[in-house]
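Since every read-out is calculated from the coordinates, none of them should be taken as a lab result. Quick caveat, the model's predicted, so the values are computed rather than measured. With ideal geometry, Cβ positions are generated from the backbone for all residues, glycine too; neighbour counts draw on all protein chains shown.
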Amino acid sequence: MYSNVLGMDEAGRGPIAGPLVVAGVIFPKGYSNDLIDDSKKLSEKKREILFKQILNDAKYYQVLIVSEREIDQKNIYRATQEAMEKIANHSKADFVLSDAMPLPHCTISNESIIKGDQKSLSIAAASILAKVIRDHWMNHLDHLYPQYGFSKHKGYPTKKHIEALHTYGLLPCFRKSYRPVKEMETIRLF
């Protein structure tokens, strides 16, 4: 029915540090690849291999990186939604699928699918692109600030990450609107 179906997903809504990464992918009509799956179900090694394959096989792809500052200004939900709408509205898609994100300002017919990364090949591919790029970003932060352990927790608020936050303090990559970080900001005021 549609020739250019854009699938979109994100990585990094829950972490207290690092950016949000949103990706969109259009495959040629009839494309199939049994190895592409929800990025959370794949090993890092498989994601890396599929990342290159997706970039090679996709008819179109786009990735947006949303800064911590923009997340703090808009809130994570709206920042994700706006990034997806931007990708969709600038693509050559004739239909858009998103992973559980309604897109009210999308100018193209679209559908939000719950667990879309398990039901749509293009959404799953977008989840892989977003996850790999975000993981690389967090590995870079780990190189810059090894005491925080970013390569292990990827910015999620694990016990060790919160301990590092309290021991070493805030960095520019922390999301100031997220509770553990916000609490640190409040403590500093007194």
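Take the Cβ atoms of Arg78 and Lys45, set R0 to 45 Å, and the FRET efficiency comes out at 0.85.
What FRET efficiency comes out for Gln147 versus Asp94 if R0 is 35 angstrom and r is the Cβ-Cβ distance? Round to the nearest 0.05.
So, using R0 = 35 Å, E works out to roughly 0.10.
In the chain, the longest principal axis of the Cα atoms and the axis of helix 179-189 are about 30 degrees apart. In a fully extended conformation the segment linking Ser32 and Leu170 would gain 45.2 nm over its present Cα-Cα distance, using 0.36 nm per residue.
Here volume of the Cα convex hull per residue in Å³ was computed from the coordinates, and among (i) 166; (ii) 114; (iii) 128 the match is (ii). Taking label positions 7 Å along the Cα-Cβ direction at both Thr107 and His140, the computed distance is 3.1 nm, reported to one decimal. Counting beta carbons within 10 Å around each of Arg134, Arg69 and listing the fewest first gives the order Arg69, Arg134. Note on Lys45: lysines with a C-alpha under 19 Å away, same-chain residues under 8 apart excluded, are Lys131, Lys152, Lys154. In loop segments of region 15-52 as defined by DSSP, the trypsin sites (Lys or Arg not before Pro) with at most 15 further C-beta atoms inside 10 Å of their C-beta are Lys29. Other residues within the sphere of radius under 15 Å centred on the Cβ of Leu20, judged by their own Cβ, net out at +1 (K and R +1, D and E -1).
Could you work out how far helix 76-90 tilts from the main Cα principal axis of the chain, as a 0 to 90 degree angle to the nearest 10? The answer is roughly 30 degrees.
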